[in-house]
Amino acid sequence: MAGSGGSAGGSPVGAGEGSGRGDHWFVAMTLGIRRAEDVERLPAVGGWYSIRLAGTDTGGRLAVVELTLDAGALGAAPHVHHGHEEDFVVLDGEITFDTADGGLAVGAGGSLAVPRGTPHGFRNDTALPARCLMVFTPAGYEDYFREVSRMVAAGHEPTADELDALRVGFQTTRWEG
């Protein structure tokens with residue numbers, strides 16, 4: 001992939017030509033493939049996480065997690081990510097996003113971009129399951145879901161305080177509004 005600027009690990013193309021403007025850097029990457037049978041399907045409170053692409057698949061650039069939320073389930077109480085962006089694409093059903101501006105219901109085919117530092121939470125207020133893709137840039141937050149899933153798989157529903165303590169390691173804090 002080509003980009004501009006001083007990307008680490010790349011080699012300049014056209015270095016030394018002109019004023020240096022327009023120099024491009026190539027960063028060696030490998031193709032990241034995760035077949036359907038290799039997707040990590042992890043239990044969550046009120047649904048499932050399916051890690052479609054992890055940071056190990058993308059060189060840390062991004063992670064893609066599919067979330068299935070049961071009817072009436074809370075996906076996440078309001079929080080703020082300080083170390084990454086989070087984008088949502090609703091695949092099925094409807095998900096209500098809580099923001100500083102209030103609640104926003106987004107149906108299948110809709111999306112929401114959440115910049116770093118922006119308060120948000122989400123839930124399924126309907127009587128039907130909902131599914132969405134969550135894209136994290138850079139990657140890393142998928143490990144948070146692995147940790148939560150370990151607790152759920154052991155039969156323990158984590159408390160808000162336990163989730164807060166876990167999130168600190170992922171540069172995420174609770175938002176009280």
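Annotations
- Single residue of R131, R150, R167 found to be surrounded by fewer than 18 Cβ atoms within 10 Å (Cβ to Cβ) and either of a type in the set (K, R) or not assigned by TED's automatic domain parsing to the domain that holds V45 (or both): R150
- For the stretch 109-128, filtered to residues that are assigned to a loop (DSSP other than H, G, I, E, B) and touching a residue at least 40 places away in the same chain (Cβ under 8 Å), the residue that is surrounded by the fewest Cβ atoms within 10 Å (Cβ to Cβ) is A127.
- Yes/no for A73 being aliphatic (A, V, I, L, M) and touching a helix residue (DSSP H, G or I) at 6+ places or on another chain (Cβ under 6 Å): no
- Members of the stretch 69-92 found to be crowded, with 16+ Cβ neighbours inside 10 Å and of a type in the set (G, A, S), listed by number: A73, G75, A76
- Out of E162, E142, E157, sole residue that is over 13 Å from V80 (Cα atoms), surrounded by 17 or more Cβ atoms within 10 Å (Cβ to Cβ) and acidic (D, E): E142
- Complete set of residues in the stretch 93-108 that are loosely packed, with under 15 Cβ neighbours inside 10 Å and at negative phi: A100, D101, G103, L104, A105, G107, A108
- Residues of the stretch 77-108 that are without any contact (Cβ under 8 Å) to a residue 40 or more places away in the chain and outside any strand (DSSP E or B): G93, D101, A108.
- Here the stretch 140-177 is the region considered, the condition is being in contact (Cβ under 8 Å) with a residue 40 or more places away in the chain and of a type in the set (S, T, Y), and the residue that is farthest from W48 (Cα to Cα) is T173.
- Candidate set from the stretch 42-64 (those that are among the small types (G, A, S) and in a strand (DSSP E or B)); member that is nearest to A139 (Cα to Cα): A63
The values are calculated or read from the model by the stated rules, or taken from the named source; none is laboratory data. Fair warning: this is a prediction, and the values are worked out from it, not measured in the lab. Counting neighbours? That spans all protein chains shown, and the Cβs are built from the backbone with ideal geometry, glycine included.
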